[in-house]
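Undergrad: Take a look at this one; I'll ask things after.
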Amino acid sequence: MELEKLLNSEQYEAATTIEGPLLILAGAGSGKTRVLTYRIAHMIEEKGISPYDLLAITFTNKAANEMKERIVSLVGNVAHSMWISTFHSSCARILRMDIDKLGYKSDFTIYDTYDQKSLMKQVMEQSNLDPKSFSEKEIRGVISNAKNSLITPFEYKKEHEHDYRKNRIADAYILYQKKLKENNALDFDDIIMKTVELFEKHKDVLEKYREKFKYVMVDEYQDTNHAQYKLVRLLTIEHKNICVVGDDDQSIYKFRGADITNILDFEKDFPDARVIKLEKNYRSVGSILNAANSIIRMNDNRSDKNLITTRDVGEKLKVYKAPTDVAEAMFVVSEIEKIYRDGRKYGEFAILYRTNAQSRRFEERLMKEGIPYRLIGGVKFYERKEIKDIVAYLRIISNPLEEVSLRRIINVPKRSIGEATLGKLSDRAIEAEENMLDIIYDVEKHDILTNRGINAVNGFADLIKDFTKKKEELSVSELVEYILVETGYLKELEESKSPEDLSRVENLGEFVNLAIEYEKSAEEPNLFEFLENIALVSDIDSYDEDEDAVTLMTIHSAKGLEFPAVFIVGMENGLFPSAGDLDSKSDLEEARRLAYVGITRAEDLLYMTYAESRMVYGRTVNYPPSDFLMDIPNNLKVFLRGSKTKSRRKVNPHTLKYGERQQGVKDFNLDEILERAGQIIDSKPKNLENMEIELGSKVKHSAFGEGTIVSKEDITNDVKVTVAFDSKGLKTLMLSLAPLEVID
DNA sequence: TACGCCCCAGTTTTT
DNA sequence: CTGGGGCGTA
């Protein structure tokens, strides 16, 4: 391995600095993953460090798997058994070993947001919190923030002793946490917080991992929250072999507790830290990168760095104003078709938006045009009802203490165990201080139900007992199929006529396939590991880059990805930046970072579009163009006009057809809108119209003087001309932009 | 117990 | 406009 040849000098520095604290500030597209993988390979191959002494943490399974595969290709299969995983997977793995020390059992269940919601509803009911004055969402938010900041329920209560409202929430937090424990369950935030707790309360455990992980690496460090920060710090504070990689300009998860000061203050935390900046961008052409830079430059709270592209200037980014959101989608899709005809594949396009709700219009249009697309986000596979149902069965079998799942499926499919019966079972469980499943197993003894109820409950109990027995005999996939048949779940769906239920059957089939895949890949397949995998994956993990389809997703989801051609849509104040962002400086800065992330996804072509009017929550709103558009200097962008005056149409012959298609839509004036937004578009001389230009035409440029057109080429939405100027030589210019006029 | 109607809220979400 | 949840009625 000749790292010097494979990496540029900064990358090389970063990959070969192994001992001591290291901060790699890696700008967008600067080859960060490359550095990380070579760094690990270098440690193993050249430095003789054992692969088992390393801990590499990422935020997504996708990133972890990619890194693992790349390291496998460099150092071989040993990489498969390395600790290269997400915060949550690593912590779950640690907790499985030692969580009994905190009073949980090692087969704990991981609760997702849905499970948290249902548990929180129980909590609110039990603690008489009026849903009118306390929303379940708010309380979950407060608890999540507390956990991310490592504040325990009792600390929270103490901290807010004199605040009635917060006190009530504190009580909910206490009860919620109690119930989680009774269910032998952890929510996502617990996974980190409990690991920290384990390390702090049991120094022997901490010591074990400190010794094991002699070298720790954290990717996307700008997105760590306080709990994650603390965890990393606990592990590394002694040997200080910590390498963090990140880009403060790409910190876009503040709303989820990410603390940008973790990365900004790394040098304070580790005073002898090396800092290496990767500022060469290999991804985006110059105009795109400079557009991104011009936006991010406006932020105050950032580390000093300046990304420079290694590529050409490239085409200017294209700004398009549509009259409506529907027209916006029409434009984007037509543009995709046009560029596709010029030889790009559908898989090279991405449509990025601020909110998932915006995807609809684009889907409709793509579908109409028969263009393949894939939608990332929205309702996720594992959040589908039928999948949650079968998972609930599996969870009860795996963790009999788990009640949220029990409540979910005790009457699914219908077996006449309604709210009333469930209430009696639950009350009895609380009274007897037993878990509900035990009550169900012995329901006659408790004398709380009528005969009809007893029969129904017994039927359910027999099912679960049978499944629990079968767990030992059947593989996970077989168990899944067995449950679907024995409960009658599958039958009910198959007998239904609705197409929705048909797709549910398909999804369940897909779920069985996933189980089979899991069995093939796992060393020792077992139910709770399978469940853990399910709990800790997301849609983006299964995103297949090779599929030839246009990608639709939020800008958040696009982080870490890149596309030759990107459309960022909905560039309007009120949407992006969103209304709330405009009031607060830090929110606006985060929105700018989001814009930065979006722009830097693009390699060759970037479009930004906005609509004069759009439907939001069923109302038509008129948002002004986004401030971000104005932050991009005019020499980097070109305005395309969908509908406007004749002269403008001629400048951009390609846009004419959009204008025509939009007949009947109210015409309006871009410049007016820009002015209304308090922005001034640069007033340049009237530009030439395409029709007037011919090879050999004599033209006059306001700066270069007189010359002759020597070539003319139609490119996307513009015409590129080369002019031989009498005094300044050859220049290549964009017709729509260049201040040219024909002279006789 | 089960369905249907009404009312309400409504960013972003790697886990 | 949507989806979800609460609540009333068959």
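Readers should treat all values here as calculations from the given coordinates under stated rules, not as data from a laboratory. Quantities reported herein were computed from a predicted structural model and do not represent experimental measurements. Reconstructed Cβ throughout: ideal geometry from the backbone, glycine too, with neighbour counts over all protein chains shown.
Undergrad: Rounding to the nearest 10 and keeping the result within 0 to 90°, find how far the Cα-based axis of helix A:87-98 lies from the longest principal axis of chain A.
TA: Between the helix axis and the principal axis of chain A, the angle is about 20 degrees.
Undergrad: Provide the convex hull volume over Cα atoms per residue for chain A, in Å³.
TA: 190 Å³
Undergrad: Per-residue counts of other Cβ atoms within 10 Å, averaged by peptide: what ranking do you get for A:54-60, A:294-300, highest first? Before the final figure, lay out the partial values.
TA: Details: A:54-60: 23.0, A:294-300: 16.7.
Highest mean packing first, the order is A:54-60, A:294-300.
Undergrad: May I pose another question? Please check which bits of the stretch A:314-342 a label hung off A:Thr355 would reach, taking the label as a point 7 Å along Cα-to-C-beta and the cut-off as backbone N under 16 Å.
TA: A:325-326
Undergrad: Taking the Cα-to-Cβ direction at A:Glu473 and at A:Asn451 and moving 7 Å from each Cα, how far apart do the two end points lie in nm?
TA: Taking the simple label geometry, A:Glu473 and A:Asn451 are separated by 3.2 nm.
Undergrad: Counting Lys +1, Arg +1, Asp -1, Glu -1, what net charge surrounds A:Thr16 among other residues with beta carbon under 14 Å of its beta carbon?
TA: Net local charge, A:Thr16 excluded: -2.
Undergrad: In addition: Which net charge results when you count Lys and Arg as +1 and Asp and Glu as -1 among the other residues whose beta-carbon is under 11 Å from that of A:Phe576?
TA: Once all neighbours under 11 Å are counted, the net charge is -1.
Undergrad: Would you mind getting me the FRET efficiency between A:Thr113 and A:Glu706? Use the beta-carbon distance for r and R0 = 45 Å, nearest 0.05. Intermediate values should be presented prior to the final figure.
TA: On the way: r = 67 Å, r/R0 = 1.48.
Rounded to the nearest 0.05, the efficiency is 0.10.
Undergrad: Angle between the Cα long axis of helix A:286-296 and the longest principal axis of chain A, 0 to 90 degrees, nearest 10?
TA: The two axes meet at around 60 degrees.
Undergrad: On to the next question. Sequence neighbours fewer than 8 away in the same chain don't count; with that in mind, list the lysines whose C-alpha is under 23 Å from A:Lys470.
TA: Qualifying lysines at Cα under 23 Å: A:Lys105, A:Lys388, A:Lys414, A:Lys491, A:Lys520.
Undergrad: Hey, another quick one. Provide the gained length on full extension for the span A:Lys214 to A:Ile743, in nm with one decimal, where the gain is 0.36 nm per separating residue minus the Cα-Cα distance.
TA: Full-extension gain reported as 183.1 nm.
Undergrad: What is the angle, in °, between the Cα long axis of helix A:136-148 and the longest principal axis of the Cα atoms in chain A? Nearest 10 is fine, range 0 to 90.
TA: Once rounded, the angle reads 90 degrees.
Undergrad: What does the extension gain come out to for A:Asn533 and A:Val72, with contour length at 0.36 nm per residue minus their alpha carbon separation? Spell out each step's value before the answer.
TA: On the way: separation 461, 0.36 × 461 = 165.96 nm, distance 2.12 nm.
Taking 0.36 nm per residue and subtracting the Cα distance, the gain is 163.8 nm.
Undergrad: State the Cα centre-to-centre distance between the stretch A:497-522 and the stretch A:65-122 in whole Å.
TA: One Cα centre to the other: 23 Å.
Undergrad: If you don't mind, there's one more thing I want to ask. Going down the table (A:Lys380/A:Lys559; A:Lys32/A:Lys203; A:Lys158/A:Lys201; A:Lys158/A:Lys203), which pairs top 23 Å between alpha carbons?
TA: A:Lys32/A:Lys203; A:Lys158/A:Lys203
Undergrad: In addition: If packing is taken as the average count of other Cβ atoms within 10 Å, what order do A:196-206, A:139-149 fall into, highest mean first?
TA: Ranked by mean Cβ neighbours within 10 Å, highest first: A:139-149, A:196-206.
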